[in-house]
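Colleague: Sending over a structure as structure tokens; questions will come in a sec.
The values are calculated or read from the model by the stated rules, or taken from the named source; none is laboratory data. Worth saying up front: this structure is predicted, and the values here are computed from it rather than measured. Cβ placement follows ideal geometry from the backbone for every residue including glycine, while neighbour counts extend to all protein chains displayed.
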Amino acid sequence: MGDDNPFNVTFWGVRGSIPCPGPDTFRYGGNTSCLEVRYGTRRLILDGGTGLRPLGLSLAGQEPIDADLLFTHTHFDHICGLPFFGPAYSKRNRFRLWAGHLLPEKTLHYVLSEMMMAPLFPIPITIFDAELSFHDFRAGETLTPADGIVVKTAPLNHPNRATGYRIEYGGKSICYVTDTEHEAGQPDRKVLDLIAGADIFVYDCTYTEAEYPQHQGWGHSTWEEGARLADLAGVRSFVIFHHDPSHDDVFMDRVAAAAEVRRPGTIVAREGMTLTP
């Protein structure tokens, strides 16, 4: 796909649970989940963790911005960057916010408004000057946020529910499957169906298999399970993502080395990295 019609994904936040910036996480990054997908002249944002702030800084001077922000779920590490997203304060910009895990009990507008409510936060969601619209769907539905792009979704195994995404554009695909727990010895059929033949597969690899037994039931998976899913689904590029905050750069180097042996070409997500299908 030529430079005049790009399709790529940039990683602005790669951590899970809580941001952990510092000298020990400098190379892989310490911000929580946020990815930017560029397709043609448009963009789609996946999750609003603390990585959303540097993404916003990178967009300075590019107004007007018209984009979609898709949340996997609304646990705090995936939404806490929203109040610090600079483009949301400009009247020239427009954002559509999506979530597939909240119905029927709640809506996305309700949850984000509650997050930015006193005494939890000093300013309400109405402070934003950009045009915001909120779109709730049920995981499993297919979305078409703009002409030429299709977003397929699937429910994930996570406390309070979560949604996995497959973004298709120009015959290529990027899959974003984070905050999900596998069942030992039982590949998740919903995930396999979502990622079948994907060009890029970004997966929740919070733990190693050695660590997983101590965290069973917490809603996260392992890089080893991700490699198995990638093999079974015929994925081209497998990306290790949602690094545990206790995993410093040295630890992640060891994961990268082991993953390269297990599945050559495996990529460990780093902040600032851009991948093209």
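Colleague: I need the full set of residues from region 238-255 which are within 17 Å of Thr274 (Cα to Cα) and of a type in the set (Val, Ile, Thr), in order please.
Modeller: Val239, Ile240
Colleague: Return the only residue of Thr180, Thr142 being polar (S, T, N, Q), closer than 23 Å to Ser17 by Cα and modelled with pLDDT of 95 or more.
Modeller: Among Thr180, Thr142, only Thr180 is polar (S, T, N, Q), closer than 23 Å to Ser17 by Cα and modelled with pLDDT of 95 or more.
Colleague: If you don't mind, another one. Scan region 38-58 for residues that are in contact (Cβ under 8 Å) with a residue 60 or more places away in the chain, assigned to a strand (DSSP E or B) and closer than 18 Å to Leu82 by Cβ and jot them down.
Modeller: The answer is Leu44, Leu46.
Colleague: Here's something else I'd like to know. List, please: which pairs have Cβ atoms under 6 Å, are six or more places apart or on different chains, and start with a residue in region 6-17 that is closer than 8 Å to Thr32 by Cβ and touching a residue at least 12 places away in the same chain (Cβ under 8 Å) and end with one that is among the hydroxyl-bearing types (Ser, Thr, Tyr) and not in a strand (DSSP E or B)?
Modeller: Gly13/Ser33; Gly13/Thr50; Gly16/Thr206
Colleague: Hey, can you tell me all the residues within region 184-224 that are surrounded by fewer than 13 Cβ atoms within 10 Å (Cβ to Cβ) and either of a type in the set (Gly, Ala, Ser) or touching a residue at least 60 places away in the same chain (Cβ under 8 Å) (or both)?
Modeller: Ala184, Gly185, Gly197, Ala210, Gly217
Colleague: Step by step: first the residues of region 21-57, then only those that are out of contact with any strand residue (DSSP E or B) (no Cβ under 7 Å at 6 or more places or on another chain) and polar (S, T, N, Q), then the one that is modelled with the highest pLDDT. Which residue is that?
Modeller: Thr25
Colleague: Do we have any residue at all in region 221-232 that's part of a loop (DSSP other than H, G, I, E, B) and within 18 Å of the chain's Cα centre (by Cα)?
Modeller: yes
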